[in-house]
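The values are calculated or read from the model by the stated rules, or taken from the named source; none is laboratory data. Just so it is clear, the structure is predicted and the values come from calculations on it, not from any experiment. Cβ placement follows ideal geometry from the backbone for every residue including glycine, while neighbour counts extend to all protein chains displayed.
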Amino acid sequence: GVTSSQPYEEFLQCLEFHDSNITSIVYTRANSSFSSLLESSIRNPRFDTSATPKPLLIFTPRQISHIQSAIRCSRAHRIQIRVRSGGHDYEGLSYSTISPSLTFLVLDLRNLRAIQVDVPSKTAWAQAGATLGELYYAIAAESRTLAFPAGMWPTVGLGGHISGGGYGSLLRKHGIAADNVVDAQVVDVEGRILDRASMGEDLFWAIRGGGGNTFGIVVAWKLSLVSVPPTVTLFTVSRTAQHKGIELFHRWQHVVDKLPDDLIVMASLSRDNGTILASFDSLFLGKTDALLPLLEQRFPELGVSRSDCIEMSWIQSILYSADFPINGSLEVLRNRTTGSAKFKGKSDYVKEPIPISGFEGIWEKLKEVGVQTGGLILASYGGKMSEIPESSIPFPHRAGNIYQVEEVAFWVEDGVEAADGYLNWLRGLYEYMTPYVSKNPREAYANYRDLDIGRSWGSSYYKNNFDRLVRVKTAVDPANFFRNEQSIPPLSSWR
Ligand code: FDA
């Protein structure tokens with residue numbers, strides 16, 4: 001319509017004024033590729049309906065000067081920018097908004113995904129538009145004994161993931177992704193290209209976990225890689241019987257955060273088309289021969305036998321977690337297309353073991369009609385996570401946490417009514433968890449963005465680090481140009 005083409009025309013003239021070739025990377029709604037480009041990294045089809053607010057245009061920069069022009073012209077024409085790397089935002093805020101009248105553009109970093117691995121210094125520069133799969137692929141091409149401690153899903157983007165923390169099965173040994181960033185390249189609201197030295201330690205602190213779309217546009221991260229042994233061991237143990245499953249969960253809580261940091265045992269309690277399943281998934285940085293006696297000593301109840309254990313390389317463990325054949329080609333890690341289940345996730349932190357009766361109630365919740373797939377995914381903490389001070393980076397969930405919980409529901413049906421059914425079920429589960437999880441604040445993981453949290457999201461995600469984040473934001477972007485529904489506000493707008 002007339003109202004939406006006007007800011008676009010002016011924006012485009014502004015861009016052309018700065019770089020006459022730039023319009024080839026701008027996609028308007030009239031462009032035949034607009035929808036497919038928008039949808040290509042919408043990872044939650046809940047935010048891909050006719051009712052979902054859409055950007056005015058999508059901008060796919062190929063070089064930093066394009067980002068600088070986009071910022072300059074967006075500011076001049078009062079168009080909000082939503083930057084998208086992998087598009088996994090739990091509330092779709094990298095490509096949409098909850099405000100139907102907002103004029104915004106999507107700055108999609110898909111073309112900025114170069115990765116350079118330097119084996120001697122055990123570092124890598126990775127552009128923010130790269131995915132975790134592309135990063136792991138690039139590392140594996142150079143070395144099978146180097147890794148990076150980030151998430152387990154290959155299509156997740158480095159831009160959003162590291163901006164919000166980023167954990168995976170190496171967290172007990174090496175902390176989270178944001179703990180392992182040593183430098184970064186950022187374009188700020190003035191269009192300046194900054195690195196660690198020129199941005200200063202306050203801004204460098206803030207971008208490592210303080211949330212995306214807030215302090216500037218991260219173009220690249222310099223990552224500190226970690227060493228892993230040539231052979232690691234994995235096992236998955238599942239139980240369907242209610243009493244056995246609940247007993248194991250209960251016991252698991254007393255063991256997992258105190259295990260040696262070479263071993264992580266994740267757990268999940270889920271319902272999948274009617275069957276309720278208690279599962280325990282493990283990564284051990286060593287061989288079966290060393291793992292079995294350790295389990296026998298620390299967690300014999302789990303009943304892991306030699307035949308449950310599979311030895312492989314670390315990169316194969318990534319294939320395994322993503323359900324790819326472990327002896328297949330690593331090329332699958334570079335595939336950017338994924339499945340299309342709708343979902344909602346919420347998060348919690350557990351500091352005291354949940355009693356047996358608590359797990360019985362969760363098991364009952366999972367039996368409730370209407371839930372296709374859903375449940376709890378539990379990531380054990382301790383180890384390195386307890387050694388890193390809460391204020392080291394903005395991500396504050398450290399010592400004192402036994403494990404992190406993700407409450408999640410997946411569904412395939414279309415429509416608001418179906419979605420409301422699942423959302424209500426999930427909110428009921430979250431409500432049920434209240435007495436068993438962290439309080440004052442009820443902590444939550446920033447990368448599992450949850451708009452239900454309401455006004456207290458700042459302390460839930462960042463605890464006491466929130467005030468410093470506000471100070472940094474006030475210093476670097478006082479007019480709040482980079483923003484979304486849950487970005488750190490500058491002081492003036494918070495009052
Ligand atoms: P997306 O592009 O949607 O960005 C997320 C946020 O960061 C948005 O606010 C966006 O504007 C901003 N942003 C993106 N790029 C930016 C940039 N270059 N500069 C500044 N801001 C930027 N988490 C985890 O810790 N471990 C895990 O194993 C997984 N696994 C997982 C699987 C699946 C299927 C999903 C959907 C999500 C996860 N996550 C996860 C959560 C994930 O870490 C979280 O959604 C990240 O923010 C996703 O980053 P993307 O770049 O993909 O998202």
One residue is enough: does segment 146-153 have a residue meeting the conditions within 24 Å of MET385 (Cα to Cα) and over 16 Å from the mean Cα position of the chain (by Cα)? yes
The conditions are (1) within 16 Å of the ligand (Cβ to nearest atom); (2) in a loop (DSSP other than H, G, I, E, B), and TRP205 fails exactly one of them. Which is it? (2)
Would you list the strands (runs of 3 or more DSSP E) that sit entirely within segment 65-159 and hold 3 or more residues that are within 10 Å of the ligand (Cβ to nearest atom) and either under 23 Å from SER487 (Cβ atoms) or touching a Ser or Thr at 6+ places or on another chain (Cβ under 6 Å) (or both)? 80-84, 104-108
Mind checking which pairs have a first residue in segment 214-235 that is of a type in the set (Gly, Ala, Ser) and a second that is within 16 Å of the ligand (Cβ to nearest atom) and part of a strand (DSSP E or B), Cβ under 7 Å, 6 or more apart or different chains? GLY216/VAL186; GLY216/VAL187; ALA220/TRP125; ALA220/ALA126; ALA220/GLN127; ALA220/ALA184; ALA220/GLN185
Going by the conditions given, is ILE377 in a helix (DSSP H, G or I), within 25 Å of the chain's Cα centre (by Cα), within 13 Å of the ligand (Cβ to nearest atom) and at pLDDT 95 or above? no
Mind listing whichever residues of segment 111-141 are touching a strand residue (DSSP E or B) at 6+ places or on another chain (Cβ under 8 Å), surrounded by fewer than 21 Cβ atoms within 10 Å (Cβ to Cβ) and farther than 14 Å from LEU223 by Cβ? ALA141
I'd like to check something: does segment 170-182 contain any residue that is in a strand (DSSP E or B) and either farther than 29 Å from LEU378 by Cβ or among the hydroxyl-bearing types (Ser, Thr, Tyr) (or both)? yes
Given the conditions (1) within 15 Å of the ligand (Cβ to nearest atom); (2) over 30 Å from ILE354 (Cα atoms); (3) part of a helix (DSSP H, G or I), which single one is not true for THR214? (3)
Residue set GLY458, GLY454; condition outside the structural domain of SER163 (by TED's automatic domain parsing) and buried (at least 17 other Cβ atoms within 10 Å of the Cβ); output residue GLY458
